[in-house]
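Here is the structure we will look at, set down as structure tokens.
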């Protein structure tokens, strides 16, 4: 196994011992970086504390930069990695530090907020989040279809309550656009209570909208739960195949 293969196993194979240790170190660095970012916003910090936070930022960015270059080096399709979700997250995690170091402009200080996106790097090292990502891909067509139906129902609910309540409450339900807020709060079963029907027709209509709203909350949860179960099965099968391939590659040929 050459250097590139060893490095690839280190940064990408979280099932290996080295990969797990590397992933754990990166996870702790992300947490430390986010905590130091939060502490840096406290007023009245001493110069020594700010200096310590600055050095923590330098060290973490340096390690994240090495990690990014290592992933870019071992990637089979480098451009695909650069423009992938994780590749962009890795880049955004370190880019503000170098931009602010190179350019001294007040407007660029807003890039400090992008440091908070560094927490998204944790998604790379969480098997549960990766499983959720796979589940969303499995059920994406159903979720898109359901989201479209939900938007249509939201509009129909706004239209219905407008015709029932417009004459009785012209200020609260002055137009369909005004009614959209009530429709959103009702369909999501939040029910803030700031806008509510007073007519009999509006109350009966609200009952049916609330009944539909329960399904809007339950159906996506069922879709994602089913997809998560399928993703877990696929992940187990993939791990078993990888384990069998590793066993075959390490198995020595018998001497005749």
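Just so you know, all these numbers are worked out from the coordinates, no wet-lab data involved. Not measured: the values here are computed from a predicted model. Cβ: placed from backbone, ideal geometry, glycine included. Neighbour counts: every protein chain shown.
The calculated FRET efficiency for residue 145 paired with residue 199, based on their beta-carbon distance and R0 = 30 Å, is about 0.35. Rounded to the nearest 0.05, what FRET efficiency is calculated for residue 85 and residue 63 with R0 set to 22 Å and r the Cβ-Cβ distance? For residue 85 and residue 63, the calculated efficiency is 0.60.
The share of Cα pairs per 10 Å bin across the range 140-250, counted from zero up to the longest distance, runs 14, 33, 19, 13, 9, 7, 4, 1 percent.
The slack in the chain from residue 207 to residue 244, taken as 0.36 nm per residue of separation less the alpha-carbon distance, amounts to 7.7 nm. Each of 99, 161 was scored by other Cβ atoms within 10 Å of its Cβ. Listed from fewest to most, they are 99, 161.
The simple spin-label model puts a point 7 Å past each Cα toward its Cβ; for residue 35 and residue 18 those points are separated by 2.9 nm.
Take every pair of alpha-carbon atoms less than 8 Å apart whose residues are at least six positions apart; their mean separation over the length of the range 1-84 yields a relative contact order of 30 percent.
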